[in-house]
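Engineer: Provided herewith is a single structure, encoded as structure tokens, for subsequent inquiry.
The values are calculated or read from the model by the stated rules, or taken from the named source; none is laboratory data. Quantities reported herein were computed from a predicted structural model and do not represent experimental measurements. Here the Cβ positions follow ideal geometry from the backbone for every residue, glycine too, while neighbour counts run over all protein chains shown.
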Amino acid sequence: MSLSFLRLLRSSRPSVLYSPRVRDYTRTSGIRLLNNDASQAQLADIDVSKLEVIHRKDKKPQPASAGLKFGHTFSDHMLTIPWSVESGWGTPQIRPYGPLELEPSATVLHYAQTIFEGMKAYKDEQGRVTLFRPDMNMRRMNTSAARIALPTFDGNALLELIKKLVHLDKEWIPTLPGYSMYIRPTMIATQKAIGVGPPNEALLFVILCPVGPYYAGGFKPVSLYGTTDYVRAAPGGTGAFKLGVNYAPGILPQKLVGEKGYAQNLWLHGPEHYLTEVGTMNLFVVFEQDNGDWELVTPPLDGMILPGVTRDSVLTLAREHSQGKKLDGLDRKITVTERSVKMSEVKEAAEKNKLIELFGSGTAAIISPVDRIGYMGEDVHIPTGPDGMGPVSGPVLRELVGRQTGTIPSDWSVVIDEP
Ligand SMILES: *Cc1c(COP(=O)(O)O)cnc(C)c1O
């Protein structure tokens, strides 16, 4: 980072500028953002009417749904939209899925200027195609872009283009239960010059990936290792944004806990060992309180936690339950809180049989129950239900999947294609 850029950052602190599309989201998540200069200028935004479609001539062979490995298969087409500092967002193209052309100097390859999103399209038995809360992904992608001085964009316009891409490749959406089409919007800095600063060129692209259940064995509980030697996120850092730079440093710790016989890192923060996230998922704990009620807890959006769409959905469903709109299969009263949880609290609750369950949440795996945490040389055991899911996560998962796939009507499900 050049000195002058640092000075610019510092000098503009007192009167932080927000673009309107970022402001709404930061208000709900409590994240303060400094927006980049480029998006403040009057440049062209994404224009759906300019879309060019280049159809693939040779349709790729489609593998059988049952053999799909998460993230390994891509559909026929992709969406690309170039951006430059002089003219803003350029012509959107839907074109055959294939390699991108990048110069070796492209700054993304040196300074990790890359952000991404993860969302899913579902197709029901009648052929109706839906997205789940896609507006949240568009808002979050803009906050991620702004955080690393990539250009922001009109989220509604990108969403319209994603719908067109999904429509074109809709025969790639698997219909087996638990199957869907994973959508991966990405933005990279493509400036052809070595140097750290806001890029003068960028590329937004979207690829589609037919997927089955994230864990091949179904909702089998996973084991975690309470990681204290490495950090995923720190106060004032970038943990609350979906930036590529947050993931590379987690790969070695993931490999190391794998060698110890655990599935994922449980990222613990500070000398108090606060629970933050599980691998690349948000985290929930259920405690039994002294009066017999249950408390569903998740760490607060303090800047270290990624504001997950699934996290928000679990919180909303649980809050509706506590306000009387009962979740099917959950009779217990629960209180829902966003607060910090120390590992000592989890361990003590486990010892006193007050720990009901612990699970991760994210678009890819939806809900991931946990059955044990390796912590300071011993295992903390966590109860799991007969089918792997716990007494809160089970009913939450059924409601969530129902709303995602459209079997339970809700305004979270956006129909993009009628049969
Ligand atoms: C994407 C992600 C999540 C989950 O977010 P969803 O919107 O629910 O998919 C949680 N934590 C991290 C670190 C993530 O990258």
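Engineer: Restricting to region 235-251, and then to whatever is out of contact with any Lys or Arg (no Cβ under 8 Å at 6 or more places or on another chain) and within 23 Å of residue 74 (Cα to Cα), can you tell me which residue is nearest to the ligand (Cβ to nearest atom)?
Structural biologist: Once the filter is applied, the top-ranked residue is 247.
Engineer: What's the number of the condition residue 237 fails, among (1) touching a residue at least 12 places away in the same chain (Cβ under 8 Å); (2) under 21 Å from residue 301 (Cα atoms); (3) loosely packed, with under 13 Cβ neighbours inside 10 Å?
Structural biologist: The one condition residue 237 does not meet is (3).
Engineer: Please pick out the residue among 127, 98, 118 that is among the small types (Gly, Ala, Ser), under 25 Å from the mean Cα position of the chain (by Cα) and either modelled with pLDDT under 95 or within 16 Å of the ligand (Cβ to nearest atom) (or both).
Structural biologist: Every option except 118 fails the conditions.
Engineer: Another question, then. Which of (1) surrounded by fewer than 21 Cβ atoms within 10 Å (Cβ to Cβ); (2) polar (S, T, N, Q); (3) within 30 Å of residue 60 (Cβ to Cβ); (4) within 16 Å of the ligand (Cβ to nearest atom) does residue 254 not meet, given it meets every other one?
Structural biologist: Among (1) surrounded by fewer than 21 Cβ atoms within 10 Å (Cβ to Cβ); (2) polar (S, T, N, Q); (3) within 30 Å of residue 60 (Cβ to Cβ); (4) within 16 Å of the ligand (Cβ to nearest atom), residue 254 violates only (3).
Engineer: I've got another one for you. If residue 361 satisfies every condition in (1) at pLDDT 95 or above; (2) out of contact with any strand residue (DSSP E or B) (no Cβ under 7 Å at 6 or more places or on another chain) but one, which is the exception?
Structural biologist: Unmet condition: (2).
Engineer: In the list 396, 370, which residue meets the criterion of being in a helix (DSSP H, G or I) and within 16 Å of the ligand (Cβ to nearest atom)? Reasoning before the result, please.
Structural biologist: Values: 370 fails: in a helix (DSSP H, G or I).
The conditions single out 396.
Engineer: A further question on this structure: Given the conditions (1) surrounded by fewer than 18 Cβ atoms within 10 Å (Cβ to Cβ); (2) out of contact with any helix residue (DSSP H, G or I) (no Cβ under 8 Å at 6 or more places or on another chain), and given that residue 135 satisfies all but one, which numbered condition is not satisfied?
Structural biologist: Failed condition: (2).
Engineer: Every residue in region 246-267 that is out of contact with any strand residue (DSSP E or B) (no Cβ under 8 Å at 6 or more places or on another chain) and either among the polar types (S, T, N, Q) or over 13 Å from residue 281 (Cα atoms) (or both), please.
Structural biologist: 246, 248, 249, 251, 252, 255, 256, 258, 259
Engineer: Looking only at region 219-229, how many residues end up being buried (at least 20 other Cβ atoms within 10 Å of the Cβ) and closer than 18 Å to residue 274 by Cβ? Step through it out loud before you land on a result.
Structural biologist: Of all residues in region 219-229, those buried (at least 20 other Cβ atoms within 10 Å of the Cβ) come to 219, 221-222, 224-227.
With closer than 18 Å to residue 274 by Cβ added as a condition, the list becomes 224-227.
Residues in region 219-229 being buried (at least 20 other Cβ atoms within 10 Å of the Cβ) and closer than 18 Å to residue 274 by Cβ: 4 in total.
Engineer: Which members of region 263-294 meet the condition of being within 16 Å of the ligand (Cβ to nearest atom) and aromatic (Phe, Trp, Tyr)?
Structural biologist: At the first step, the residues of region 263-294 found to be within 16 Å of the ligand (Cβ to nearest atom) are 263-269, 274-285.
Within region 263-294, 267, 274, 284 qualify.
Engineer: Right, another one. Mind telling me which of the residues 311, 232, 319 ends up being assigned to a helix (DSSP H, G or I), within 13 Å of the ligand (Cβ to nearest atom) and either of a type in the set (Lys, Arg) or crowded, with 20+ Cβ neighbours inside 10 Å (or both)?
Structural biologist: After applying the criteria, what remains is 311.
Engineer: Spot the failing condition for residue 338; the list is (1) without any contact (Cβ under 8 Å) to a residue 60 or more places away in the chain; (2) within 16 Å of the ligand (Cβ to nearest atom); (3) crowded, with 20+ Cβ neighbours inside 10 Å, and only one is missed.
Structural biologist: Single failed check for residue 338: (3).
Engineer: Shifting gears a bit: Could you tell me which numbered condition residue 279 fails, if it satisfies all but one of (1) modelled with pLDDT under 95; (2) surrounded by fewer than 21 Cβ atoms within 10 Å (Cβ to Cβ); (3) small (Gly, Ala, Ser)?
Structural biologist: (2)
Engineer: Only residues that are away from the ligand (no atom under 16 Å from the Cβ), at pLDDT 95 or above and within 20 Å of the chain's Cα centre (by Cα): list them for region 174-192, please.
Structural biologist: Residue satisfying the conditions is 188 alone.
Engineer: Something else now. Can you tell me which residues in region 322-357 are of a type in the set (D, E, K, R) and either closer than 21 Å to residue 386 by Cβ or part of a loop (DSSP other than H, G, I, E, B) (or both)?
Structural biologist: Selection gives 325, 326, 328, 331, 332, 333, 339, 352, 354, 357.
Engineer: Would you pick out the residues in region 341-367 that are more than 16 Å from the ligand (Cβ to nearest atom), more than 12 Å from residue 286 (Cα to Cα) and either in contact (Cβ under 8 Å) with a residue 24 or more places away in the chain or outside the structural domain of residue 394 (by TED's automatic domain parsing) (or both)?
Structural biologist: The answer is 342, 343, 344, 347.
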